[in-house]
Each structure stands twice: as C-alpha cells, then as structure tokens.
Amino acid sequence: MIMMLPFLTAFIGIVLAMKGKRASAIGVWVITIVIMLGWMSYHMTGTLNISL
Amino acid sequence: MFSQLTHATPVEHRLSYSLNLLALLGISFSLLIAFFYQIAFHELPCPLCQLQRLGLILVGMGFMMNAQFGPSTIHYAMAIIGALAGAGTSLRQVLLHIAPGDTGYGSPFLGLHFYTWGFISFVMVIAFTSIMLCVDHKHFSTPRLQRLGWIAVLIISLFLILSLANTVSSVMVCKLGPCPDDPVQYFLPF
C-alpha cells in the first residue's frame, strides 16, 4: 500500500491530458479512483465512536 | 507540453470554457490554502485529509478536460464521481470528530475545520456540475483539442504543479507506505 501512488497516477493523468491524450488520461483517472477506493476502504471502515 | 495545441480548434463554447476554468481555479485555490496551512503552521495532512486532496484533484481533472477538449458528459461524470468520493471521505472525518468535547483535527478556518469545508466544497461541486450539465446540454459533441488562452495555460499549469506538490508531500509524510493516523513530523527532511 503506497499512499503516494494515487497522487502519482493523477499527476500522470494531468500530463497526458495536457499532451492531448484524452483516452489515456481518462484511463489513468479510472485507475486513480480505484486506488482511492482502496485507500478509503483501508482508512474508513473502522468503528465510529457514535451511535448512528 | 502544450505543443499539440497549436493544431487545436478555437474554443467554441466560451461560457462553458470560462466557467470550467473558474471551477478549476477554485479547486487549485483550495489545494493552495491546504498547502499554506501545511507549510506555514506545520499542520501535516492526515490520511483522510490526503484523500480529500486527491478527491479535489480528481474533480479538477474533469474541469480541466472540459476546458482542454470541450464539454463532455464523461468529463462532468469524472467531476461528480471525484466529488462523491471526496464528500464521503470528508463526511467520515466530520463523524470522527462530531462527539461533544472533541476539538477536531487541525485548526479551524473561518470557524469550520478543513474537512467540513471539504464536504461543503464537494457538495457545491456536485451542484455546479449539475447546473453545467444543463447549460452545456446542447454543446456536447465529439471532444476535440481546444486552443487555450494564456490564462487557461496558467491555471492548468498551477493545477499540475499542485498535483506534483501533493505527490511529493505524500512521500514526505508517509514515505512509500500507509500514512500515520496523526502525523506530527516529516519522514523526509523538508
């Protein structure tokens, strides 16, 4: 698990978009959101100390 | 980096182009404020804070691509999905600190903590994107590279630099692994 990975993929996606490679940029954006969901699962699934 | 833009078509949808750039500037401004607090007040980003920053970047990519290639439902979907992920993360952090007596994480900004501002921002992004989908609904066509003005190049470059800065910052705070829940110092020298 590497926290910098989604930031790196997002950065690559922005560079690809700037170079005019739209499809590749969207693909990298999808990879980034999947990694983000993984991190959300890692950091956000503990028990909250409140009654919901 | 912008070399291919010399062959691009002129911007056809001026209002959409301007509003998307304005939204991208707002996203960049939010990331700048977060960095200002990180550097000036040594408030290191927690894991959920980093995920909210990532959500902002994902939203910004949607707005940026609207300016770069013309408005598209896919670009707006990118902004909405990024905002939903960011809103979920910020709401989780609000709930972590909602109990009476909890002073929250980090210092407040204009009376609210950054994760609360984050939630408000992501909801505003969803509302803005919904309105833009109505404004642009007659303009959706095959995305083509647009000829960008110098202001657009400036805003997109700022967004790119902030994205890179967040990548570097995440390495400095977390090294090449998961982030500590309550970071107090950089693992790498600043």
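The values are calculated or read from the model by the stated rules, or taken from the named source; none is laboratory data. Predicted model, so just to flag it, every value in this text is computed and none were measured. So basically every Cβ, Gly included, is an ideal-geometry build from the backbone, and we count neighbours across all protein chains shown. Note: accessible area is taken over every heavy atom of the protein model, side chains too, but ligands, DNA and RNA are not part of it. Shrake-Rupley method; radii C 1.70, N 1.55, O 1.52, S 1.80 Å.
Odds and ends about this structure:
- Residues that are among the hydroxyl-bearing types (S, T, Y), under 16 Å from B:L31 (Cα atoms) and within 14 Å of chain A (Cβ to nearest Cβ), drawn from region B:90-122: B:S90, B:Y115
- Residue within region B:142-160 that is in contact (Cβ under 8 Å) with a residue 24 or more places away in the chain, in contact with a strand residue (DSSP E or B) (Cβ under 7 Å, 6 or more places away or on another chain) and farther than 20 Å from A:A23 by Cβ present: yes
- Subset of region B:131-141 [surrounded by fewer than 17 Cβ atoms within 10 Å (Cβ to Cβ), in a helix (DSSP H, G or I) and touching a residue at least 24 places away in the same chain (Cβ under 8 Å)]: B:L133, B:V135
- Some residue of region B:57-78 being more than 27 Å from B:G149 (Cα to Cα) and touching a Leu at 6+ places or on another chain (Cβ under 9 Å): no
- The number of residues in region A:1-26 being open to solvent by less than 30 Å² (accessible area, probe 1.4 Å), small (G, A, S) and assigned to a helix (DSSP H, G or I) comes to 4.
- Of all residues making up region B:142-164, the number that are assigned to a loop (DSSP other than H, G, I, E, B) and either closer than 21 Å to B:L25 by Cα or away from chain A (no Cβ under 14 Å) (or both): 4
- Identity of the residue in region B:165-179, in contact (Cβ under 8 Å) with a residue 40 or more places away in the chain and more than 7 Å from every other protein chain (Cβ to nearest Cβ), that ends up most open to solvent (accessible area, probe 1.4 Å): B:A165
- Candidates A:T45, A:T32, filtered to the one that is open to solvent by less than 20 Å² (accessible area, probe 1.4 Å), within 19 Å of B:G177 (Cβ to Cβ) and β-branched (V, I, T): A:T32
- Of all residues in region A:4-52, those satisfying the criterion of being of a type in the set (V, I, T) and within 16 Å of B:G88 (Cβ to Cβ) are A:T32, A:I33, A:V34, A:I35, A:T45.
- Region A:24-52 residues that are more than 7 Å from every other protein chain (Cβ to nearest Cβ), paired with ones that are open to solvent by 50 Å² or more (accessible area, probe 1.4 Å) and part of a helix (DSSP H, G or I) (beta carbon under 7 Å, 6 or more apart): A:V28/A:I12; A:I35/A:L5
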